[in-house]
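Structure first, then comments.
The values are calculated or read from the model by the stated rules, or taken from the named source; none is laboratory data. This structure is a prediction, so every number in the text was calculated from the model and none was measured. The protein model used for the area step is the full one, side chains on, heavy atoms only, and it has no ligands, DNA or RNA in it. Shrake-Rupley method; radii C 1.70, N 1.55, O 1.52, S 1.80 Å.
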Amino acid sequence: MRELELAKQAATAGGAVLTKYFRSGLPQARQKDPKKTCDLVSQADIESEETIVRLIRDAFPDHEILAEEGQRGAVDAEHLWVVDPLDGTTNFLHQIPHYAVSIAYYRRGQAICGVVYNPSRNDWYEAVQGQGARFQGEPIQVATCP
């Protein structure tokens, strides 16, 4: 599926940006909203998003993108990408290697596929509508016990 492959490529590229910043030490961050003291954004968030958005726009110029740091695509669009370029900013800023790039693709309001990639651990999660979810390429499922 072309959208899943693009999501993986974009997550890999966004993850490379995050890795560069993570290895360089504590990046600078600022509050997104002065009323919310723990709502932070860093240059790593911004550059990761720019990288991801550029790849999506190159492949699908007519698709909408809703991304955490600036893209405001229409949620009712026929084709919509939802992007969190750095999911876990607080962990990232404290040098805790539990953060990820999260990307999902929706068609006519239905989630079609998505990926979550933690570049510090090289962990890959992916899901495709009707095909279930995978971790590192192997099928996963929720626990069956109550």
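Note on residue 134 and residue 20: the extension gain reaches 38.4 nm, defined as 0.36 nm multiplied by sequence separation minus the Cα-Cα distance. Classify the range 76-146 from the C-alpha gyration tensor, please: rounded if a/c falls under 1.5, else prolate or oblate depending on whether a/b exceeds b/c. In terms of gyration-tensor shape, oblate. The apolar share of the surface of the range 47-146, taken as the fraction of accessible area on carbon and sulfur atoms (1.4 Å probe, ligands and nucleic acids excluded), comes to 49 percent. Judged by the gyration tensor of its Cα atoms, with axes a ≥ b ≥ c, the chain is oblate; a/c meets the 1.5 cut and b/c is at least as large as a/b. Size descriptors for the range 105-146 (Cα atoms only): Rg and Dmax, in that order, 12.1, 34 Å. Go ahead and set up a Gaussian network model of the chain, Cα springs under 10 Å, then flag whichever of 17, 75, 83 fluctuates most. Highest fluctuation among the options: 75. The range 95-132 and the range 1-26 have Cα centres spaced 11 Å apart. Counting only protein heavy atoms and using a 1.4 Å probe, the accessible area of residue 12 comes to about 70 Å². Taking each residue as 0.36 nm, the span from residue 59 to residue 91 lengthens on full extension beyond its C-alpha to C-alpha distance by 8.4 nm. With the chain treated as a Gaussian network of Cα nodes joined by springs under 10 Å, which of 15, 132, 88 yields the largest mean-square fluctuation? Ranking 15, 132, 88 by mean-square fluctuation puts 132 first. The residues 105, 117, sorted by heavy-atom accessible surface at 1.4 Å with ligands and nucleic acids left out, run 117, 105 from largest to smallest. A 1.4 Å probe over all protein chains sorts 93, 55 by accessible area into 55, 93, starting with the largest.
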